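Enquirer: First the structure, then my questions, so here it is.
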């Protein structure tokens, strides 16, 4: 599959309201998802079984990770650190607990704490530090912690 074609598909998905797009061309299958960091772009070979399948190597639904988006509660400027020059509060791969401070959102010269609303592992931080965000924008994507 042509890389330029894949890049065009990524652009289409990023500018549109669709959350996911899957295309098969020249014996290759590409799936593009906006919010699933681990599978954002995943080329595949066709499945060998005769049963239709999205992914030949897909795990059973019961063991699939649960993804959760932590969204901006209001419009403002998002900061990953508590103060200028300080290290980020969290990074991709970090495990967080419910209620843990994970970011700062500045709105109307007021600094608001962004907290994890559940426990999990950070798999994506789609917003750059000091970026303007709108209410509802995804700030963090978590792989939810599995209870024992």
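The values are calculated or read from the model by the stated rules, or taken from the named source; none is laboratory data. Since the structure is predicted, the reported quantities are computational estimates derived from the model, not experimental observations. Positions of Cβ are generated from backbone atoms using ideal geometry, with glycine treated the same way; all protein chains shown enter the neighbour counts.
Enquirer: Restricting attention to region 1-21, which residues are under 24 Å from residue 69 (Cβ atoms) and exposed (fewer than 14 other Cβ atoms within 10 Å of the Cβ)?
Expert: 11, 12, 14, 15, 16, 17, 18, 19, 20
Enquirer: Kindly establish whether residue 125 is surrounded by 14 or more Cβ atoms within 10 Å (Cβ to Cβ), within 16 Å of residue 67 (Cα to Cα) and within 16 Å of the chain's Cα centre (by Cα). Can you show your working first?
Expert: Numbers: surrounded by 14 or more Cβ atoms within 10 Å (Cβ to Cβ): yes; within 16 Å of residue 67 (Cα to Cα): yes; within 16 Å of the chain's Cα centre (by Cα): yes.
Against the criterion (surrounded by 14 or more Cβ atoms within 10 Å (Cβ to Cβ), within 16 Å of residue 67 (Cα to Cα) and within 16 Å of the chain's Cα centre (by Cα)), residue 125 qualifies.
Enquirer: Let me ask something else. Among the listed residues 47, 53, 58, identify the single one that is surrounded by 15 or more Cβ atoms within 10 Å (Cβ to Cβ), modelled with pLDDT under 95 and either outside the structural domain of residue 11 (by TED's automatic domain parsing) or in a loop (DSSP other than H, G, I, E, B) (or both). Can you show your working first?
Expert: On the way: 53 fails: surrounded by 15 or more Cβ atoms within 10 Å (Cβ to Cβ); 58 fails: surrounded by 15 or more Cβ atoms within 10 Å (Cβ to Cβ).
Going through 47, 53, 58 in turn, the sole match is 47.
Enquirer: From the set of residues in region 89-110 that are free of Cβ contacts under 8 Å to residues at least 24 places away in the same chain and not in a loop (DSSP other than H, G, I, E, B), which is farthest from the chain's Cα centre (by Cα)?
Expert: That would be 110.
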